[in-house]
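Data block below; observations after.
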Ligand code: C2E
Ligand code: MG
Ligand code: MG
Ligand code: MG
């Protein structure tokens, strides 16, 4: 109930910052209960390396398996989690679960780096940085990446950059998520210890039907490569888009064309069956037709 109220925007209205309102406290209890009852689930979406037709990494995306409402998408509950000040708890749970899932996949012969989305509030928080690093360092076999948006860096660039450097030093790969869709600043981009840049799906959806999107995407790929970063295109839904991205030198693709975000069992099956190869091979055919 508190969650639904939160979604109408009534929670903590009129309460000074730092003071937790009644509805917020209820909401926090509800989120804690969901975590205690293990109702959160991680789905994984592969990133496919275009030239090698291989999957080296996946992105973890959280869902809430709600007892009455079914599988709830992150856009519908993360804002409430943020207001209830439970984002740190959720993210530490996510990192821990991802490391456990990574071990299960490794036992099946699939060694993947798992990328986790980090919210802007947490990126600036030194206590979070310390706790999440402790959690990862305690698992020497963990191969983790963090996806952060430029908008979340720009809130408090000094702390964000310091934390990103700390993450990079312990072997966490930093990826700039939703590039081009938020507050971009080339001044920050050149300072970020990021290995990967993800072009927002905003520029990918109409890649083969718009005049401008291909120009923006191509110059972004060139810029990222000049800065020594690998490029991922998110939201790839068609063979034509994949073929064009391949010609432009995009390193990795992610999107419904390859796979939707799927549960751990389905991911293991997907990797074993090499289904992504089929998808990229179909693209070779459409690529030949384009040429
Ligand atoms: P994001 O990190 O940019 O994730 C990409 C979103 O696009 C995902 O939605 C994914 O399901 C969707 N997507 C992937 N391929 C395609 C495609 O080909 N076409 C279309 N139309 N959509 C595609 P999802 O899972 O609903 O996640 C939405 C956002 O929620 C994420 O955006 C991320 O910002 C946030 N999020 C998800 N999980 C977490 C988490 O554990 N922690 C935090 N802090 N944020 C999370
Ligand atoms: Mg992401
Ligand atoms: Mg994204
Ligand atoms: Mg996005």
Could you please give the count of residues in region 233-277 that are surrounded by 15 or more Cβ atoms within 10 Å (Cβ to Cβ), within 16 Å of ligand 3 (Cβ to nearest atom) and not in a helix (DSSP H, G or I)? 15
The number of residues in region 195-205 that are within 15 Å of ligand 1 (Cβ to nearest atom), in contact with a strand residue (DSSP E or B) (Cβ under 8 Å, 6 or more places away or on another chain) and either within 12 Å of residue 148 (Cα to Cα) or in a loop (DSSP other than H, G, I, E, B) (or both) is 5
Here are the criteria: (1) touching a strand residue (DSSP E or B) at 6+ places or on another chain (Cβ under 8 Å); (2) modelled with pLDDT under 95; (3) not in a loop (DSSP other than H, G, I, E, B). Tell me which single one residue 192 does not satisfy. (3)
Within region 30-49, how many residues are farther than 16 Å from residue 96 by Cβ, within 20 Å of the chain's Cα centre (by Cα) and crowded, with 19+ Cβ neighbours inside 10 Å? 5
Return the pairs, sorted by first residue and then second, in which the second residue is at pLDDT 95 or above and part of a helix (DSSP H, G or I), the first residue lies in region 94-118 and is under 17 Å from residue 56 (Cα atoms) and within 16 Å of ligand 2 (Cβ to nearest atom), the beta carbons are less than 7 Å apart, and the residues are 6+ apart or on different chains. 112/102; 112/105; 114/98; 114/102; 116/94; 116/95; 116/98
Those residues of region 55-83 which are without any contact (Cβ under 8 Å) to a residue 24 or more places away in the chain and over 19 Å from residue 256 (Cβ atoms) amount to 68, 69, 70, 72
Condition check for residue 266: more than 13 Å from ligand 1 (Cβ to nearest atom), under 27 Å from residue 71 (Cα atoms) and without any contact (Cβ under 8 Å) to a residue 24 or more places away in the chain: yes
With respect to the numbered conditions (1) more than 15 Å from ligand 2 (Cβ to nearest atom); (2) closer than 30 Å to residue 241 by Cβ; (3) surrounded by 16 or more Cβ atoms within 10 Å (Cβ to Cβ), which one is the sole condition not fulfilled by residue 88? (2)
With the requirement that a residue be in contact with a strand residue (DSSP E or B) (Cβ under 8 Å, 6 or more places away or on another chain) and in a helix (DSSP H, G or I), what does region 119-150 give you? 120, 123, 136, 150
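The values are calculated or read from the model by the stated rules, or taken from the named source; none is laboratory data. Please read these numbers as outputs of a predicted model, since none were measured by experiment. All Cβ positions, glycine included, derive from the backbone under ideal geometry; neighbour counts span all protein chains shown.
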